[in-house]
Structure formats: structure tokens, C-alpha cells
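In what follows, a structure is listed as C-alpha cells, so that the remarks can point back to it.
The values are calculated or read from the model by the stated rules, or taken from the named source; none is laboratory data. What you see is a predicted model, and the numbers here were worked out from it, not measured in a lab. Here the Cβ is made from the backbone with ideal geometry for all residues, glycine too, and neighbour counts use every protein chain on show. Quick note on the areas: whole protein, heavy atoms, side chains included, nothing else; ligands and nucleic acids left out. Shrake-Rupley method; radii C 1.70, N 1.55, O 1.52, S 1.80 Å.
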Amino acid sequence: MATLNIRKIGRCALWISPVIIVPVAFFAAAPWLAQQPDALTLSVAAAAALFVMAYSQFLAARVNRRLDEVQIAGQRIANTRGMTIGSVAAVIVMMIPSLMNGLAGLAMRLASGSPEEAVKLGITIGFMLVVVLQVVGAGAVSLWWSKQLKKSAD
């Protein structure tokens, strides 16, 4: 029984590993990419981002194949409400002056003082903040939905 769980965890880690390895490799290559022409840097960044997004969609479709009707309905609720909750949370984070100053400071530090690069990084960081908070919101609603199903089953 314990071997089965270790195998299952190992298989899951193997399936998820490209989603972790590609961004880590991209950020590890950042010093080298900084020395390359902008076209190459943007191409590598776009390729890495597209790969991670496409592979994530593949994994989501793979997991969704095993869901029944009630679980699919729960995922739809989690997605719709989680997106709204995440968007509202991102707006709240950006309304807090100290957090907004921290995000702007992070963009300026990463841009090495270039105002144009700081703006681009600020937009990217803001978009990433919204997406991450939407994922967290969807996960929270999904957990809530699962608890509600367990309560109604008891």
C-alpha cells in the first residue's frame, strides 16, 4: 500500500516537473540571455511561457478526463468564482500603497534603472499577480466545494 502511494506521488511529480523545470531553467539562463540580442531573449521568453501554458492545459485536460459530472460542476464553479475572487484580491493588493510601492520597487530593481524596462516589468509583474491570485482563489473555492460535498454525503 505504501509503495503504491510513493509510486503515485513519484508519477505525479514526474508529470508536473516540466512546469517547474522550464521556468527555473529560464531564470537560470537570465544572465546569459541579458548578453544576447533582444530578439533572442524575447523569443526564448515567449517559447518558455508558451510551453508552460500549453503543458499546463495538457495536464488539466488529462486530469479532467477522470472527473464525474459533480466534480466537473465543482471545477466550473471554482473557476468562475475563483477568477472573480482573484481579480478582486489583485485590485485590493494594488490599492494598498506599501504593497504597490514594493511591486514598483521590485520592477525598478529588476530593470537596472531603465524606466522603459521598469514599466514593462511592472506590467508583467501585475499580470502575474492577477493570474496567481486567480489560481489561489480557484483552489480555495475548489476546496470549499469539496468540503460541501463531503458534508452533504454524510
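Could you check segment 120-130 and list, in sequence order, the residues that are hydrophobic (A, V, I, L, M, F, W, C) and touching a helix residue (DSSP H, G or I) at 6+ places or on another chain (Cβ under 8 Å)?
Keep residues of segment 120-130 that are hydrophobic (A, V, I, L, M, F, W, C), which gives 121, 123, 125, 127-130.
L121, I125, L129, V130, listed by residue number.
Residues to consider are Q57, Q71; find the one that is at pLDDT 85 or above and open to solvent by 70 Å² or more (accessible area, probe 1.4 Å). The match here is Q57.
With respect to S142, determine if the residue is open to solvent by less than 50 Å² (accessible area, probe 1.4 Å), free of Cβ contacts under 8 Å to residues at least 40 places away in the same chain, closer than 22 Å to I20 by Cβ and polar (S, T, N, Q). The answer is no for S142.
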